[in-house]
1. Does residue 151 fit the bill of being in a loop (DSSP other than H, G, I, E, B) and touching a Ser or Thr at 6+ places or on another chain (Cβ under 9 Å)?
2. Mind listing whichever residues of the stretch 74-109 are of a type in the set (D, E, K, R) and more than 16 Å from residue 121 (Cα to Cα)?
3. Taking the stretch 32-52, which residues are in contact with a strand residue (DSSP E or B) (Cβ under 7 Å, 6 or more places away or on another chain), open to solvent by less than 40 Å² (accessible area, probe 1.4 Å) and more than 12 Å from residue 71 (Cβ to Cβ)?
4. Hey, can you tell me all the residues within the stretch 37-62 that are touching a residue at least 40 places away in the same chain (Cβ under 8 Å), in contact with a helix residue (DSSP H, G or I) (Cβ under 9 Å, 6 or more places away or on another chain) and closer than 17 Å to residue 152 by Cβ?
5. Only residues that are among the aliphatic types (A, V, I, L, M), touching a helix residue (DSSP H, G or I) at 6+ places or on another chain (Cβ under 8 Å) and within 12 Å of residue 144 (Cα to Cα): list them for the stretch 68-105, please.
6. For the stretch 184-226, what are the residues that are open to solvent by less than 20 Å² (accessible area, probe 1.4 Å) and more than 19 Å from residue 84 (Cα to Cα)?
7. Within the stretch 84-103, identify whether any single residue is within 25 Å of residue 47 (Cα to Cα) and either open to solvent by 30 Å² or more (accessible area, probe 1.4 Å) or assigned to a loop (DSSP other than H, G, I, E, B) (or both), and answer yes or no.
8. Looking at residue 207, is it of a type in the set (D, E, K, R), assigned to a strand (DSSP E or B) and modelled with pLDDT of 95 or more?
Amino acid sequence: MTPDTADRPQMSVEEFEELVHRAPRELRNRLEFLGGRLCVRHGPLDVDEFEELAAAAPETVRLEYINGKVEVKAVPDGKHTSIFMWLLRQCMQQRPDLDLAPERGVKAEAYRKGRARTDGFLAPVDHFANDGEWSPADGALMAVEITSHDRDTDQRDRIDKPVGYAEAEIPVYLLIDRDNHTVTVFSEPKDGRYQQSPSYPWGATVEIPSPVNITLSTEKLKDYAD
């Protein structure tokens, strides 16, 4: 994690003000911006309230609902985008029968009560064609997260999302970690936990297991090290 990560606000004051302006009237007085963080007064939002808020948010504010809390996901920078495109090319070459959809919302956690914005969601071609903003996890093969240099990456991508995606029974969760320069492959979800989670340094050959069955040569990731 970069030294100033913990000091970075989740969004700008202007973005917060725009979010409040767009929010459903009954939610506006419950939103606060304290210490650079989006906070909700008078108890947590329920899933339906969150979906209303997320639908109204400006394009530069990406909201998630993790462990019953509203979270703000960092907007991707250039290297983040390049890493995604690197992964997309490998998926297309090896599994042309699959789509790696960018920034797809997914109903995660137990009983689909969470709402996560994946950096990539892998499923059969056209699997998401009839979905709204939040796709069911059923039938998807892999969720992908690429860490960003923001204050919540550790808790969100390394701790909360492996649980949320396992509870949703997504077969594989691929974490490309820009702070640690590792690729971690979570697989075999059972009882809300992934049973396997080997990590590999950037440069290694990474085998993503069934049902994905893709081999990643990660040497290229070294070009995107900060």
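1. So residue 151 fits the description; yes.
2. Passing the criteria: 77, 79.
3. Once the filter is applied, which keeps residues that are in contact with a strand residue (DSSP E or B) (Cβ under 7 Å, 6 or more places away or on another chain), open to solvent by less than 40 Å² (accessible area, probe 1.4 Å) and more than 12 Å from residue 71 (Cβ to Cβ), the stretch 32-52 yields only 47.
4. 60, 61, 62
5. Within the stretch 68-105, 83, 100 qualify.
6. Of everything in the stretch 184-226, those that are open to solvent by less than 20 Å² (accessible area, probe 1.4 Å) and more than 19 Å from residue 84 (Cα to Cα) turn out to be 187, 192.
7. yes
8. For residue 207, the condition - of a type in the set (D, E, K, R), assigned to a strand (DSSP E or B) and modelled with pLDDT of 95 or more - is met.
The values are calculated or read from the model by the stated rules, or taken from the named source; none is laboratory data. Everything numeric here is computed off the predicted structure, so don't read it as measured data. Virtual Cβ from ideal backbone geometry, glycine too; neighbours counted across all protein chains shown. With ligands, DNA and RNA removed, areas are computed over all heavy atoms of the protein, side chains included. Shrake-Rupley method; radii C 1.70, N 1.55, O 1.52, S 1.80 Å.
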